[in-house]
Structure formats: structure tokens, C-alpha cells
Amino acid sequence: MTSGIHPQDEKLLELAYGELSVGDASRLELHLKGCSRCAEAVSAIRRVRQTMSQLPAIQAPERGMDSLLAYAGQAARRARSGAASTPTWWRRTLLPAAGLIALATVVVVGARVIKVAKEHRTPMALLAQTSREESIEAKPSLKRGRSDQIRDLYAAGPSSAGEANHDLAGDHASRAEAPKAMSPPPSAVAPQRKAPSDDPEPRHRLVQRQAKRKERAAEEERGVAGGVAGGVVGGVPGGVLGGSVGQAPSARPASSGWNNEVAEQSTAAAKAKDAGDRRREAVELRRALATGVQGQERARILNRLCDALYALGERAEAASVCDAVVREFPNSPHATAALRRKALENTAAPAEKIQPSAPSQPAKGKQQSEN
Amino acid sequence: VELDTESSDEQLMLDFRAGEARAFEVLLHRHRTPVFNFILRFTGHPARAEDLLQETWLKVVRRANDYQPKARFTTWLYTIARNLCVDSARKEKYRETESLEAPIGGDEADGAGRSLGEVVADLGPAPDRAAHNARLRPLLERALQSLPAEQREVFILREYSGVAFKEIAAVTGVPENTVKSRMRYALEGLRRTLAELGIDGDLADGGRTVAG
């Protein structure tokens with residue numbers, strides 16, 4: 001083997017491996033006879049080849065042969081059938097394309113249908129939409145003004161107190177019920193989502209229309225039930241609230257007025273309590289209830305009345321009022337407070353007065369969760 | 001299709017592409033062992049070589065439509081095999097280390113299971129030529145594995161697979177002169193290694209060769 005670059009190194013290599021043409025090989029062989037260096041180089045290559053040829057060819061393993069041949073056979077069959085039937089190729093290309101076109105058509109048509117539905121929304125769908133939005137938005141602390149407006153419009157008899165509660169209490173159960181109660185047609189669901197929040201005018205009209213409808217329903221109901229308090233605590237022996245509160249709905253001032261009235265009576269009751277005149281407090285609270293106050297405010301007043309009655313020793317009546325809270329506002333902090341008060345009264349001495357501030361101040365955390 | 005087992009590789013490949021499964025079978029039988037030896041000596045790992053062999057032929061089936069008749073079938077075939085070997089070597093970073101400790105020699109019966117050192121230690125005067133050959137082979141494998149990969153692949157393709165230098169250039173993607181240059185370096189490297197192992201060309205001369 002040469003260590004330097006001999007001009008004929010590549011040719012020597014080709015000679016050793018038999019890659020030279022016959023003519024070139026003959027000429028080189030002649031050269032080798034007269035050149036010991038080139039002869040030695042070729043000889044070295046041949047010796048290495050000879051030695052390395054001791055490595056025999058190793059038979060390839062048979063494993064996998066069958067599966068390989070089967071695979072090749074399958075490919076060959078496919079090749080034959082593929083060549084014979086060009087429509088297969090067309091089908092393979094066209095089918096996905098047709099699918100895509102169909103999908104695009106559905107999307108476009110669907111979008112147009114939604115658009116048309118939005119432009120021609122049914123009153124029922126809009127009503128349901130408004131109701132749903134309001135039930136979500138009815139966070140008293142954030143939407144106080146609107147909440148009050150709705151409360152004014154929705155103020156109704158005892159049977160509809162629950163409905164009003166849905167709007168005002170903001171508890172999850174009532175939120176879940178509200179849309180169900182309205183049961184909008186399925187086609188109206190999509191437009192509902194696109195609530196025209198930047199278009200307050202039609203929505204305002206809708207709220208008014210909705211409120212009027214509710215008022216009519218409430219009036220009809222009052223005619224049957226015979227009064228707010230009568231319905232709510234009608235079962236109370238002796239009609240604790242029946243006398244003073246039961247007349248309230250019919251004598252109720254215009255909806256926009258009772259808010260102030262309740263506030264005044266509530267303040268008067270608080271003053272009477274501070275002065276130690278629980279009797280007077282109870283009277284003021286009854287008057288507040290007689291205005292037809294609804295929602296959380298009603299719950300607070302009922303709780304305060306309960307507390308005042310217990311303080312007066314009118315335990316049966318107090319218990320009835322607390323029961324009314326539990327019944328009207330189930331699973332609410334007000335109901336919890338009412339139950340707690342009843343329990344404390346039952347375990348304490350009858351004449352003992354229990355935490356006067358508790359009724360109007362439910363647990364702080366719960367109060368926050370309400371608001 | 002009338003299949004002539006004497007057909008050229010290129011014709012057989014075209015026949016297979018046209019849907020003649022038997023053509024593939026002929027090609028497989030013709031080239032399976034040379035390709036396996038190339039892969040085995042390229043990787044130095046029998047189990048991996050077996051997998052790569054299978055993979056090579058699967059690719060031949062899958063890519064049958066890519067084959068251009070103007071190129072030699074063996075060039076195409078060894079290009080596939082070589083690319084798979086290179087990919088495998090990249091994935092197996094510890095391949096060199098493993099192969100040094102792995103049994104050498106493809107034939108499990110001769111010298112397999114022993115390291116190079118063990119084989120060298122045992123390589124004393126052999127009473128029997130066959131036994132001497134059995135001990136020699138692992139050393140030759142070791143000498144081959146000691147070459148740099150780029151020289152080894154050229155040597156294997158030319159020496160054991162019978163691929164011409166021009167074809168090797170196409171398979172490896174380097175100029176033919178580079179291939180020949182690598183071949184010269186490979187031969188020089190083997191000569192030195194064989195001399196270090198006490199195996200020189202004289203062993204291959206005439207009746208004194210271990211090859212007999």
C-alpha cells in the first residue's frame with residue numbers, strides 16, 4: 001500500500017478491483033512489471049482483500065420473509081387494480097372535496113338562518129332572553145337601580161314572590177329556574193346570545209312589556225288569593241300578619257312609591273327598637289310588609305319582626321313569622337338566620353331576649369354572597 | 001406476465017411496480033443477503049441489522065413508484081439501506097460502545113458471545129485450520145469495525161456487496177474520487193490493524209492461508 005500520492009493510485013485501485021477496461025488493465029499490468037513500487041501497492045491491496053475475504057457472507061435471516069412477501073403481494077395487487085380503475089383516484093380526490101363543499105354550504109346557510117332569526121325574533125324569545133339576562137344581572141349591589149326598577153315592575157302577590165325572588169335574590173337555584181320557566185323555543189336560543197346590549201331602546205320596551213304582563217298576572221292572582229300576606233302567612237293561626245299586611249296589596253301605592261315607604265317604616269322601626277319600644281317596632285315592620293315589599297328586603301323585615309315578637313313574648317306569632325321566612329326564602333341566609341333564632345328561643349328562657357341585632361344582620365359572609 | 005428470473009434488477013423492479021409480486025420475490029432473493037451483510041457490517045449489531053434489513057425492503061415496496069428506471073436498482077436499494085443505517089446510528093448514540101462490548105461476528109456459532117480481547121487471547125497456535133478460521137473471523141470483524149464509518153461503508157459496499165465505485169458515489173452522495181480516496185484509506189487502515197493483530201497478507205497466501 002502506498003503512503004504517498006502516486007499518480008496512478010486510483011488506477012491501481014481500479015485494477016485491484018477489476019474496474020478497469022480490458023485495454024487499460026493490460027497497459028497497467030505491463031507497467032507493474034517494470035515498477036516495483038506500483039507492483040507492491042497492488043499486491044498490498046490484494047493481500048488485504050484476500051484476508052478480509054475470510055469474512056464469509058452471512059446468510060440473511062429468514063424471519064420476516066413471509067410477512068414481507070405478503071406485503072409486497074398486497075402492494076402488487078393494489079398496483080394492478082389501481083392501474084385498471086382510474087375512477088378510484090377520482091373518487092379519492094373528489095369525495096373529500098365534495099365533503100368540504102357540503103360543510104361550507106351548511107356553515108353559510110346556518111349563518112344566514114341565524115342572521116334572519118336575529119332580525120325576526122319572536123316576542124317569546126326576546127322575553128326569555130330578557131328574563132335570562134336579568135336573572136344573571138340581578139346582583140343588587142351592582143345593579144341596584146335596575147334591580148329596583150324590575151322589582152317595581154314585578155311586584156306581585158305572594159305566589160309570585162318566588163318569581164320576584166328569582167330576579168332579586170340572585171341565588172343559583174332561581175337562576176336555573178328562570179330560563180326553564182320561560183322555556184323559549186329552541187330556535188330562539190341562538191338570537192338570545194346576541195343580546196343587543198348596545199341597543200337599549202328595544203330592550204327597555206321589552207322590559208316594560210314584560211313587567212306589564214307580570215303585573216296583570218299578579219292582579220289576577222291577587223283576586224283569587226286575596227292578598228299578599230294572606231297568601232304567604234295565611235296558614236298562621238290567628239292571622240298574625242293577615243290583618244295589617246293582608247290589606248296592603250290592594251292599598252299598595254304605585255309601584256315606584258313603596259320603596260320610599262318601606263325605607264321610612266324600616267327606619268321608624270329601627271328608632272322604636274333603639275328606644276326600647278318593641279311593640280312600636282313590630283307595628284312599623286308590619287306596615288312595611290303591608291306595602292308589598294318583596295325580595296331580600298321583605299326577608300329582612302320579616303326577620304326583624306320575628307325578633308321583635310319574640311322580644312314581646314309573642315312566641316307563637318314570632319315562630320310563624322320565622323317560618324314564613326324559611327318558607328318564602330328557602331336555602332337563603334335569611335332562612336338560616338330565622339331557623340337559628342327559633343332554635344335559640346326554644347332553648348332559652350321564654351322571657352329572655354336574644355341578640356337583638358341578629359335579625360337584621362345575617363352572617364357577614366352570607367350577606368356578601370347575597371350581594 | 002412472463003417472468004424471467006434472469007431479468008435485470010431494473011426490469012424486475014418495473015415488473016413489480018406494474019403489479020407482478022413474483023418480480024419482487026426474485027429481487028428479494030437476489031439481494032437480501034448482500035444487503036444484510038452491508039447493514040450488519042455497517043452497524044456491527046446483528047439484531048439491529050435484521051430490523052434494518054426488513055425496513056429496507058418494506059421501503060422498497062412502499063416507494064416502488066419512486067424508482068426511476070434510469071438508475072441502477074442496486075444504487076437505489078443501497079441508498080435506502082444506507083440512509084436507514086445512518087438514521088439508526090444517529091438515534092443510537094451509544095452504538096459504538098455497545099458494539100465494542102457486543103458479541104462480534106454475525107455467525108452466532110463462531111466466536112459469538114465473546115469480546116475482542118477474549119478472542120485475541122485465545123488466538124494461539126491452532127491445531128485445526130477450521131478452528132483457526134473460527135477464531136480469525138471475529139478479529140476481522142473487529143478490524144472492520146475499527147474503520148471510520150465513512151471508510152467502512154465504502155469498503156463494505158465494494159468488498160462484500162460488489163457495488164462499483166461509481167455506484168457507491170451515488171449511494172453515499174459524494175464524488176467518485178472521494179469514494180476511491182476513502183477506499184484507499186480503508187485498505188491502508190485495515191492493513192495496519194491486521195498487522196497489529198498478527199494477521200498479515202502472508203496468511204492469505206497459498207496453502208498457508210487460514211482461509212485455506
Q | Backbone N within the stretch B:51-88 under 19 Å of label point (7 Å from A:Arg80 Cα along the Cβ vector) | A | B:61-62, B:64-65
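Which whole number gives the average count of other chain Cβ atoms within 10 Å of the Cβ atoms across peptide B:190-197? Intermediate values should be presented prior to the final figure.
Working: counts 5, 7, 2, 1, 4, 0, 0, 0.
That average works out to 2.
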Q | Burial order of peptide ranges A:14-25, B:75-86, B:168-179 (average beta-carbon count within 10 Å, highest first) | A | B:75-86, B:168-179, A:14-25
**Q.** Over 21 Å between alpha carbons, listed pairs A:Lys11/B:Lys70; A:Lys11/B:Lys166; B:Lys70/B:Lys166; A:Lys11/B:Lys180; A:Lys11/A:Lys33
**A.** A:Lys11/B:Lys70
Q: Extending each Cα 7 Å along its Cβ direction at B:Arg62 and B:Ser146, get the distance between those two points in nm, one decimal.
A: 3.9
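In peptide A:22-32, what is the residue-averaged number of other protein chain Cβ atoms found within 10 Å of each Cβ?
Working: counts 0, 0, 0, 0, 0, 0, 0, 0, 0, 0, 0.
Average neighbour count from other chains, rounded to a whole number: 0.
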(Q) Could you order the peptides B:31-37, A:53-59 from most to least packed, using the average number of other C-beta atoms within 10 Å per residue? (A) B:31-37, A:53-59
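What's the ranking of B:61-69, A:260-268 by average number of surrounding C-beta atoms within 10 Å, highest first?
Ranked from most to least packed, the peptides come out as A:260-268, B:61-69.
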**Q.** Pairwise label distance in nanometres, B:Thr178 with A:Thr347, each label 7 Å out on the Cα-Cβ vector
**A.** 9.3
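Average partner chain C-beta neighbours within 10 Å, per residue of B:58-64? Don't skip to the end; give the middle numbers.
Values: counts 6, 0, 3, 8, 2, 0, 4.
Rounded to a whole number, the mean comes out at 3.
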Q) Label B:Ala47 and B:Ala195 with points 7 Å out from Cα along Cα→Cβ: what is the distance between them in nm? A) 3.9
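None of the figures in this text is laboratory data; all of them are computed from the coordinates on show. Keep in mind it's a predicted model, so treat the numbers as computed, not measured. Don't worry about glycine lacking a Cβ; one is built from the backbone with ideal geometry, like all the others, and counts go over all protein chains shown.
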